[in-house]
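Just below is one structure, and these are the notes that go with it.
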There are 2 protein chains.
Amino acid sequence: MSGSAPATGPQRQTRQRAAVQSALAGRMEFTSAQQLHDLLRQQGTAIGLTTVYRSLQALADSGQVDLLVTDEGQTLYRQCSAEHHHHLVCRDCGRTVEIAGPAVETWADAIAEEHGFSEISHTIELFGRCSSCTAGTG
Amino acid sequence: MSGSAPATGPQRQTRQRAAVQSALAGRMEFTSAQQLHDLLRQQGTAIGLTTVYRSLQALADSGQVDLLVTDEGQTLYRQCSAEHHHHLVCRDCGRTVEIAGPAVETWADAIAEEHGFSEISHTIELFGRCSSCTAGTG
DNA sequence: TTTGGTGCAAAACCTTTGCATTAGG
DNA sequence: CCTAATGCAAAGGTTTTGCACCAAA
């Protein structure tokens, strides 16, 4: 299965890095680097866009953050539990539900071996409209 | 489920459009617009990159071609059967197997409704190393 | 002090758009 | 003839990189 990197964490604790982590912790939705940068600036945190990108990369590398790529090729980040899992994302409000789907994992492995493939990794994301957005749809 | 577009096909048959379709038909792997453009140029076909992009968009719109976005945000295209399905891609040689996985569809719908989500769509791609590449690696 | 972190500006990258020209029907 | 399609060049957007400066340990 997709081996997790050695996770060579950051070596120095800085104000900026803490800010990124905390901003991410405060959001339940997948967020882009630029959005995060805007949020931080708005709340008065002085930080450069470059640093936000680098911090997010570091966090993703060390497995503290999950990332997904949108249809438009934009990368979104979200603080997640370390275990492998997938997401069910509301395409209206962005609300996200983590899904630990042993069923799919099994399915994926079975399909793969059936076709002689090994070292399997997979990308599985579900998108839909949550109950709130379906009800009050603005 | 993700509704398929009305598929308003191209209105004029042109040399370039035919070239793109044929080039795509000749490849079993997911290919980027730029790669396709290179291939066409190499085989002596005069065609602009812009036209390749536009042709691929049209083909994708009309459902004659499947597309996926890589981790780096690049869009890859591949000629596919029209029915909804997923892919098992060899990360070494690019060999691709189409997978019609009613099992996952069911799973996805179940998970979604369980959480009150509707209008579900999903992204599911499997990556691995095929038998040829595992055996003769190199 | 030492060296990783920061941030601006500029580059790199893929993709889309404007507009004059070409060619399919 | 009429207008969609083409293609160049330029713009658009996100992400990365170069380099001088700053600050954590």
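Observations on the structure shown:
- Conditions (1) in the same structural domain as B:Ala33 (by TED's automatic domain parsing); (2) part of a strand (DSSP E or B); (3) open to solvent by less than 50 Å² (accessible area, probe 1.4 Å): number failed by B:Gly73: (2)
- Hits in the stretch A:7-60 - residues which are part of a helix (DSSP H, G or I), away from DNA strand C (no atom under 13 Å from the Cβ) and closer than 13 Å to A:Leu76 by Cβ: A:Leu24, A:Gln35, A:Ala60
- Of all residues in the stretch B:8-27, at least one satisfies being modelled with pLDDT under 95, surrounded by fewer than 15 Cβ atoms within 10 Å (Cβ to Cβ), within 11 Å of DNA strand D (Cβ to nearest atom) and closer than 24 Å to B:His122 by Cα.
- Residue under evaluation A:Gln43, criteria (1) within 14 Å of chain B (Cβ to nearest Cβ); (2) among the polar types (S, T, N, Q); (3) exposed (fewer than 15 other Cβ atoms within 10 Å of the Cβ), criterion not met: (1)
- Residue within the stretch A:106-123 that is in contact with a Lys or Arg (Cβ under 6 Å, 6 or more places away or on another chain), away from DNA strand D (no atom under 15 Å from the Cβ) and not acidic (Asp, Glu) present: yes
- The stretch B:53-76 residues that are of a type in the set (D, E, K, R), paired with ones that are open to solvent by 80 Å² or more (accessible area, probe 1.4 Å) and in a loop (DSSP other than H, G, I, E, B) (beta carbon under 8 Å, 6 or more apart): B:Asp61/B:Thr8
- One residue from A:Thr106, A:Thr134 being more than 7 Å from chain B (Cβ to nearest Cβ) and outside any loop (DSSP other than H, G, I, E, B): A:Thr106
- For the stretch A:76-101, filtering for residues that are within 11 Å of another protein chain (Cβ to nearest Cβ) and either part of a loop (DSSP other than H, G, I, E, B) or not aliphatic (A, V, I, L, M) (or both) leaves 10.
The values are calculated or read from the model by the stated rules, or taken from the named source; none is laboratory data. No experiment lies behind these values; they were computed from the predicted model shown. Cβ: placed from backbone, ideal geometry, glycine included. Neighbour counts: every protein chain shown. For accessibility, only protein heavy atoms count, side chains too; no ligands or nucleic acids. Shrake-Rupley method; radii C 1.70, N 1.55, O 1.52, S 1.80 Å.
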